[in-house]
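The values are calculated or read from the model by the stated rules, or taken from the named source; none is laboratory data. Given the structure is predicted, the values throughout are model-derived calculations rather than measurements. Cβ placement follows ideal geometry from the backbone for every residue including glycine, while neighbour counts extend to all protein chains displayed. Areas reflect the complete protein model, heavy atoms only, side chains present, ligands, DNA and RNA absent. Shrake-Rupley method; radii C 1.70, N 1.55, O 1.52, S 1.80 Å.
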Amino acid sequence: MKKEDTVKLISREGFEFIIDKKAAMVSQTIRNMLTSPGSFAETEHGQVTFPEINTTILEKICQYFYWSLQYASGKETEFHIEPEITLELMMAANYLHT
Amino acid sequence: MSAPKKKNFQIEAFKHRVVVDPKYAEKTWKILEHAIHEIYNHNASGLSFEELYRNAYNMVLHKFGEKLYSGLVSTMTAHLKEIAKHIESTQGGLFLEELNRIWAEHNKALQMIRDILMYMDRTFIPSTHKTPVHELGLNLWRDNIIHSSKIHKRLQDTLLELVQRERTGEVINRGLMRNVIQMLMDLGSSVYQEDFEKPFLDVSADFYRLESQQYIECCDCGDYLKKAEKRLMEEIERVSHYLDTKSEPKLTNVVEKQMIESHMHRLVHMENSGLVNMIVNDKYEDLGRMYNLLRRVSTGLALIRDVMTSHIREIGKQLVTDPEKLKDPVDFVQRLLDEKDKHDKIISLAFNNDKTFQNALNSSFEFFINLNPRSPEFISLFVDDKLRKGLKGVTEEDVEIILDKVMMLFRYLQEKDVFEKYYKQHLAKRLLSGKTVSDDAERSLIVKLKTECGYQFTSKLEGMFTDMKTSQDTMQGFHAAVGADLAEGPSLTVQVLTTGSWPTQSVNTCNLPSEILGVCDRFKTYYLGTHTGRRLSWQTNMGTADLKATFGKGQKHELNVSTYQMCILMLFNKSDRMSYKEIEQATEIPASDLKRCLQSLACVKGKNVLRKEPMSKDIAEDDAFYFNDKFSSKFYKVKIGTVVAQKESEPEKQETRQRVEEDRKPQIEAAIVRIMKSRRVLDHNNIVAEVTKQLQSRFLPNPVVIKKRIESLIEREFLERDKTDRKLYRYLA
C-alpha cells in the first residue's frame with residue numbers, strides 16, 4: 001500500500017492505527033484535515049493525533065470506518081457496539097462528524 | 001436492586017465537566033487568533049489542524065461560541081482593512097492583477113478558517129442564526145475591499161475601461177477579466193448587478209449610441225447592418241468569455257435598442273440601399289441580415305413587412321394598370337408569376353419562410369390583381385395558351401408546377417365566377433378544335449379547381465369532357481349504321497353538346513352547302529332515332545372542316561378551315577367570282593364573322609385562296625372575291641386560321657360582363673333564401689354581410705345588387721318587410 005493512500009491515526013496513549021485514506025474520509029472532520037487547501041501539519045505528514053480519544057475508542061472508530069464503507073457499497077451487516085463504550089464513542093463521533 | 005418499594009429512576013442529562021479556569025476561553029481564543037494570523041501570512045504548515053479544531057470544538061462546547069464568532073469577525077476585518085490599504089496603494093495597471101491575486105488568497109484562507117471552525121459552522125451558527133463562516137468572509141471582503149471608497153470606483157472604472165479598450169480593437173487579458181467578474185458574482189448577484197452590470201450597460205448604451213450615429217451618417221444600409229451584426233456577435237462573445245450569462249439578454253437588448261431600433265426606420269427607408277433596393281436587386285444575404293436583426297426588436301418585423309407590402313403593391317399596381325403590358329395577356333400573367341416567384345424566393349431565402357410575410361405577400365397580390373377587372377380573363381388566356389402549345393416538350397412535373405402557380409393566382413381572384421366564364425369559353429374552343437395538347441393536364445387543372453372551389457364550380461366543365469367522350473361513341477355508332485351509304489360524300493363528325501354545360505350562344509344557323517346538309521340530316525335522324533325527346537341545333541360557328549382543293553396548275557392542297565369558311569369556299573365551286581353581298585345572302589353568316597372569315601381567306605399572305613378586289617387589308621361591303629388560281633404553298637396541308645381576337649374586344653367584354661352579372665343574380669337570390677330560411681328574421685345589414693360571406697369564394701357581391709335581389713324576392717313574396725321595423729325582413733314559408 002502506498003504511503004499517500006494511507007493515514008496514521010494516533011490515540012491518546014500513543015497507539016498508531018494506519019488505515020486507508022478512503023476509510024478515514026468517512027469522518028467529515030478528518031476529510032477536512034486532509035483536504036484543506038492550506039498545508040496543515042496533518043496534510044503534510046499524513047498523521048493525525050487525537051489527544052482526547054483513547055485507544056479502545058479509536059480502534060472501534062477505525063472498525064466503524066471500514067464497516068461504513070462496506071455498508072455504503074451494499075453489504076448490510078450490523079455494527080456491534082459494546083454498551084460500556086457507547087457514550088464515549090458517541091462523543092468521538094460528534095467530534096469527528098461521522 | 002431488590003428494593004421492595006417502587007423507586008423512580010431519573011436519568012440526569014449528561015453534563016460536560018465545567019471548565020474551572022476562567023482564563024480558559026481567553027487562552028484558547030489566543031491560540032485560534034494566532035492561527036488565523038498565520039493562515040493569512042501563509043504559515044499554516046506549522047499548525048495542527050486537529051489542535052485548532054479541537055480548540056474551536058471545545059470553545060463552542062463550553063458556550064464560548066459567541067466569543068469565538070465575534071473574535072473571528074474582528075480578526076478578519078482587521079486583516080481585510082490592511083489588505084485594502086495594500087490594494088489601494090498598488091500602481092495603475094497592476095491594480096486588477098493584485099486584486100485578483102489577493103482575492104484568490106483570501107478565498108484559500110477563508111476555506112482553511114472555515115474548515116477548522118467547522119464545528120461552529122455546524123452547531124453554533126444555525127442555532128443562533130448567524131452568517132456561516134464562508135459567507136461571512138465574502139461579506140467582509142465585499143464591505144471592506146470592494147465597497148471601500150477608494151477601491152470601489154477604481155475597480156469599476158478599470159473594468160469599464162478594459163471593455164472600452166476591447167471594443168476599440170485592443171487585446172485585453174480576458175482571463176483576469178473573467179476572474180474579477182467572477183469575484184463580483186461570487187459576492188452575490190446584487191453586487192455584480194449594482195457594481196458592475198448597471199454602469200456597464202449604461203456605458204455600452206452611450207458607446208453604441210455614438211457609434212451607430214457615426215455609422216448611419218456614412219454607411220449605406222447593407223454596410224450598417226453588417227457592422228451592427230458584427231457588434232452584436234462581439235457582445236455575445238464577450239458575455240460568453242467573461243460576463244455572467246444572465247447579462248446576455250440585457251446587453252444584446254442595449255445594442256439592439258441603440259443600433260437597430262433607434263435607426264431602423266431610417267435604415268429600411270434608406271434610398272438606394274434600403275429594403276426596397278434590396279428586394280429589387282435580390283440581395284438575399286442583406287435581406288436575411290436585416291430580417292434577423294430587426295426580428296430582435298419588437299416592431300422590427302412589422303416595419304419590414306409594411307414596407308415590403310407597400311412596395312409589392314406599388315409594383316403590382318404598375319404591372320396591372322400599365323396599358324402597355326396589358327397588350328399581351330400571356331406575358332401579363334407570366335410577369336405576375338415571375339413577380340410572385342421572386343418574392344417567394346426572397347421570403348424563403350431571407351425571411352425564414354415567415355408565415356406573416358407570406359400572408360402579407362398574398363394579401364398584396366390579392367390587392368393588385370383585383371385592381372384590374374380583366375385579370376380573370378387574362379389568367380384563363382394564360383392557361384389557354386399553355387394548354388394549346390406551351391406544354392409541348394415539357395415534363396409532367398413541370399406542367400403540374402405551372403398549373404399550381406396558375407391556381408395560386410386564381411386563389412387571389414375575387415371574381416372567380418368571371419374566371420369560370422372565360423375558362424369555359426376557352427376550354428370549349430380548345431376541345432372543339434381538338435387543340436388541347438394534353439388531356440391529362442386539362443383534367444388535372446379541373447381537379448385543382450374542384451378542390452379549390454367545390455363540385456358545383458367544375459360540374460359544367462366536367463360535363464364538357466363527358467360530352468366529348470359520348471360524342472365519340474355516338475359517331476362510331478353512326479358510322480357503323482350508315483357509314484356504307486355515305487362513302488361517296490363528305491364525312492361528318494358531330495359533337496353533341498349538352499346545352500347549359502357549354503358556353504353556346506343561340507346563333508342563327510348559316511346555310512350549309514347542300515352536300516353537307518344531306519349528311520347532317522342523316523345524322524339527325526340517326527341521333528333522334530336512338531335518343532327520343534331531344535332537340536338538336538347546329539352550332540355552325542364552332543365547327544371545322546377539311547377541304548380538298550385543286551388549283552390552277554393542278555396542284556392539290558388540303559385546306560383546314562372553319563365551318564363558315566368552308567361554306568364560303570364551297571360557293572366558289574359554282575362560280576369564280578362572288579361579291580360580298582352575294583356571299584352574305586347565300587350563307588347568312590353574321591356580318592362580323594363573315595368579315596373575319598373573308599379576311600383570313602383573302603388577306604393573309606401565303607394562305608390567300610381567295611383574291612379580293614380592290615386589294616386592301618380590310619373587308620368592305622362592296623368588295624368582290626375571286627377564286628385564286630395562282631395560290632401555291634410548300635405544304636400539302638394548309639391551315640387557314642380565323643383572324644381571332646385573342647383578347648375580347650370592348651363590346652364582347654361588356655357582353656361577358658353582363659352575362660356574369662346575370663348569372664350572379666340567381667346565386668345571390670339563392671343565398672338570401674338559404675340564409676332567411678334558417679334565420680326567419682334578419683335586418684338588412686346582416687343579410688348583406690352573410691350573403692357576402694357565403695359567396696366570397698366565388699365573387700364579391702355588390703351590396704346594391706343584393707338590395708335589388710331582396711326587393712325582387714319581396715315582390716315574389718319570398719320575404720316581407722316587418723310592419724313595425726322597416727329594416728327587418730321576414731321569411732315567408
- For region B:707-733, what are the residues that are part of a helix (DSSP H, G or I) and open to solvent by less than 50 Å² (accessible area, probe 1.4 Å)? B:709, B:710, B:712, B:713, B:714
- Item | Filtered residue count, region B:118-147, keeping only those that are in contact (Cβ under 8 Å) with a residue 60 or more places away in the chain, more than 14 Å from chain A (Cβ to nearest Cβ) and open to solvent by 30 Å² or more (accessible area, probe 1.4 Å) | 2
- Message: Can you report the number of residues in region A:80-98 which are acidic (Asp, Glu) and within 14 Å of chain B (Cβ to nearest Cβ)?
- Response: 1
- Query: Are any residues in region B:662-683 open to solvent by 40 Å² or more (accessible area, probe 1.4 Å) and more than 34 Å from the chain's Cα centre (by Cα), and if so, which ones?
  - Reply: B:662, B:663, B:665, B:666, B:670, B:674, B:677, B:678, B:679, B:680, B:681, B:683
- Do we have any residue at all in region B:148-161 that's over 57 Å from the mean Cα position of the chain (by Cα), within 14 Å of chain A (Cβ to nearest Cβ), in contact (Cβ under 8 Å) with a residue 24 or more places away in the chain and open to solvent by 10 Å² or more (accessible area, probe 1.4 Å)? no
- Item | Odd one out for residue B:439, checked against (1) farther than 26 Å from residue B:362 by Cβ; (2) buried (at least 16 other Cβ atoms within 10 Å of the Cβ) | (2)
- Item | residue A:61 being more than 9 Å from every other protein chain (Cβ to nearest Cβ), hydrophobic (A, V, I, L, M, F, W, C) and farther than 13 Å from residue A:98 by Cβ | no
- Do we find that residue A:6 is within 7 Å of another protein chain (Cβ to nearest Cβ) and either under 17 Å from residue A:66 (Cβ atoms) or modelled with pLDDT of 85 or more (or both) in this structure? no
- Message: Which count do you get for residues in region B:399-440 that are within 23 Å of the chain's Cα centre (by Cα) and either of a type in the set (Lys, Arg) or farther than 22 Å from residue B:659 by Cβ (or both)?
- Response: 13
- How many residues are basic (Lys, Arg) and under 19 Å from residue B:364 (Cα atoms) when one looks only at region B:260-307? 1
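Conditions tested, residue by residue: (1) in contact with a helix residue (DSSP H, G or I) (Cβ under 6 Å, 6 or more places away or on another chain); (2) within 14 Å of chain B (Cβ to nearest Cβ); (3) without any contact (Cβ under 8 Å) to a residue 24 or more places away in the chain.
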residue	(1), (2), (3)
A:10	no, yes, no
A:33	yes, yes, yes
A:37	yes, yes, yes
A:70	no, no, yes
A:78	no, no, yes
- Query: Does region B:296-313 contain at least one residue that is in contact with a Leu (Cβ under 6 Å, 6 or more places away or on another chain) and open to solvent by 60 Å² or more (accessible area, probe 1.4 Å)?
  - Reply: no
- Of B:50, B:97, which residue is within 23 Å of residue A:31 (Cα to Cα) and either away from every other protein chain (no Cβ under 11 Å) or open to solvent by less than 10 Å² (accessible area, probe 1.4 Å) (or both)? B:50
- Residue check, residue B:282 within 23 Å of residue B:176 (Cβ to Cβ), open to solvent by 10 Å² or more (accessible area, probe 1.4 Å) and touching a residue at least 12 places away in the same chain (Cβ under 8 Å): no
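So for region B:65-75 (the condition being away from chain A (no Cβ under 11 Å), small (Gly, Ala, Ser), surrounded by fewer than 16 Cβ atoms within 10 Å (Cβ to Cβ) and within 24 Å of residue B:139 (Cα to Cα)), does at least one residue qualify?
yes
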- Give the residues of region B:42-101 that are hydroxyl-bearing (Ser, Thr, Tyr) and at pLDDT 85 or above, sorted by residue number. B:53, B:57, B:69, B:70, B:74, B:75, B:77
- Task: Please state which one of B:61, B:99, B:47 is under 60 Å from the mean Cα position of the chain (by Cα) and either touching a residue at least 12 places away in the same chain (Cβ under 8 Å) or closer than 30 Å to residue B:177 by Cα (or both).
- Result: B:99
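Among the candidates B:448, B:460, single out the residue that is among the charged types (D, E, K, R), in contact (Cβ under 8 Å) with a residue 40 or more places away in the chain, assigned to a helix (DSSP H, G or I) and not assigned by TED's automatic domain parsing to the domain that holds residue B:397.
Numbers: B:448 fails: not assigned by TED's automatic domain parsing to the domain that holds residue B:397.
After ruling out the rest, the residue left standing is B:460.
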- Item | Condition broken by residue B:394, with the remaining ones in (1) outside any helix (DSSP H, G or I); (2) among the β-branched types (Val, Ile, Thr); (3) in contact (Cβ under 8 Å) with a residue 24 or more places away in the chain satisfied | (3)
- Search result, residues across region B:108-117 that are at the interface with another protein chain (Cβ under 10 Å from one of its Cβ atoms) and touching a residue at least 24 places away in the same chain (Cβ under 8 Å): B:109, B:110, B:112, B:113, B:115, B:116
- Task: Read through the list (1) touching a strand residue (DSSP E or B) at 6+ places or on another chain (Cβ under 9 Å); (2) within 12 Å of chain B (Cβ to nearest Cβ), then give the number of the only condition that residue A:17 fails.
- Result: (2)
- Given the structure, is residue B:87 assigned to a helix (DSSP H, G or I), open to solvent by less than 10 Å² (accessible area, probe 1.4 Å) and more than 30 Å from residue A:10 (Cβ to Cβ)? yes
- Query: When you scan region B:204-252, how many residues do you find that are open to solvent by less than 50 Å² (accessible area, probe 1.4 Å) and over 20 Å from residue B:286 (Cα atoms)?
  - Reply: 15
